[in-house]
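Here the structure is laid out as structure tokens; the discussion comes afterwards.
The values are calculated or read from the model by the stated rules, or taken from the named source; none is laboratory data. Quantities reported herein were computed from a predicted structural model and do not represent experimental measurements. All Cβ positions, even for glycine, are placed from backbone atoms using ideal geometry, and neighbour counts span all protein chains on display.
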Amino acid sequence: MARAWLGMDLGGTNTRLGLVGEGGILARRHLPTRADEGPQAWLERVVPVLQELMTWGRGEGLEITGLGVASAGVLEREEGRILFSPNLPRFDHFPLGQRLAAATGLEVVVENDANCYALGEHLFGAGRGEDLACFTLGTGVGGGLVLGGRLQIGPLGIGGELGHLVVEPGGRLCGCGAQGCLEAYASATALKAMLNEALAGGRWSRLQPGKGVKAMERAAVAGDELAQELMHTAGTMLGRAAAMVAVATGVELVVIGGGLARGWFLLEPAARAELERTLCLVPARRLRLVRSALEDDAPLMGAAALAQRQ
Ligand SMILES: [Zn+2]
């Protein structure tokens, strides 16, 4: 009997679900997370959708053996518990894995969404079968490392947290408490903060304070100098972080995902230039920086693959 696995991407706004076979996504569903209603209400809406996918899959002759959940936030992996997630505040300490296992009768594995993203790209996307590092540039900056076909999390549990590589010692304050992390330069949150600071400091721009990344990207394309500078800064810091990862791990492939990857052409020139400047042990062109191939599907596909491996 052919086998399939359920994958779920639990985000602050949307919950995406899919039934994933050896070749890719067979069926998909999505629903709003409505995080403010709390995890119990969310569970009551999500379980029937999971059951519907299972019924459909079994009707197709598939054996469904596990559920993988990609979740934002800091996780306790043993019990599949979200310890702390800024985008899902009411889910803190909710035993997500346990509850989903009880409701579906499946084995459940819960993993950080950026790690799932990296594994998805490794198995189905931009880096099929290749060792890779992945940066997800969104509200924050996530990361994942796949070496020898396995996610590298390490005994500290923080392996692949590439958003917290310190690219500018003594630099901008990061949400984690350190100064100069990549996340403090190359996330949507950081770009917005840098824009507001520059405008408050008297810089001219066609952008108003509080504008988001999409407006900045449009302004950069239209020739706005401040918007171009901000994109240049984000790209430069990303290139610096990519060089660090290459030296630490030896990967040849870096995959860029998340909302900011849609404007990758604005970041890439500065990222490449910084890579040329800072990666000197091998010809810098050997390190490929590419955009995600799966985009929003990557986390749920990686999560389903983790369920397969359990
Ligand atoms: Zn940090």
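General observations
- Checking each residue in region 167-184 for being outside any loop (DSSP other than H, G, I, E, B) and either near the ligand (Cβ under 8 Å from one of its atoms) or within 16 Å of A133 (Cβ to Cβ) (or both) picks out C181, E183, A184.
- V74 over 15 Å from G302 (Cβ atoms) and under 19 Å from the mean Cα position of the chain (by Cα): yes
- Checklist (1) more than 10 Å from the ligand (Cβ to nearest atom); (2) touching a residue at least 12 places away in the same chain (Cβ under 8 Å); (3) not in a loop (DSSP other than H, G, I, E, B) applied to E197, failing item: (2)
- Residue identified as more than 15 Å from the ligand (Cβ to nearest atom) and either modelled with pLDDT under 95 or closer than 21 Å to V213 by Cβ (or both) among G148, G143, G157: G157
- Scanning region 52-64 for residues that are surrounded by fewer than 13 Cβ atoms within 10 Å (Cβ to Cβ) and touching a residue at least 40 places away in the same chain (Cβ under 8 Å) turns up G61, E63.
- With respect to (1) within 25 Å of D297 (Cα to Cα); (2) at pLDDT 95 or above, the lone exception for E276 is condition (1).
- Any chance S187 is farther than 30 Å from V282 by Cα, polar (S, T, N, Q) and either more than 16 Å from the ligand (Cβ to nearest atom) or touching a residue at least 24 places away in the same chain (Cβ under 8 Å) (or both): no
- In the set R286, R272, R262, only one residue is closer than 29 Å to G68 by Cβ and either surrounded by fewer than 20 Cβ atoms within 10 Å (Cβ to Cβ) or assigned by TED's automatic domain parsing to the domain that holds G68 (or both); that residue is R262.
- Boolean, G127 is within 15 Å of the ligand (Cβ to nearest atom) and part of a loop (DSSP other than H, G, I, E, B): no
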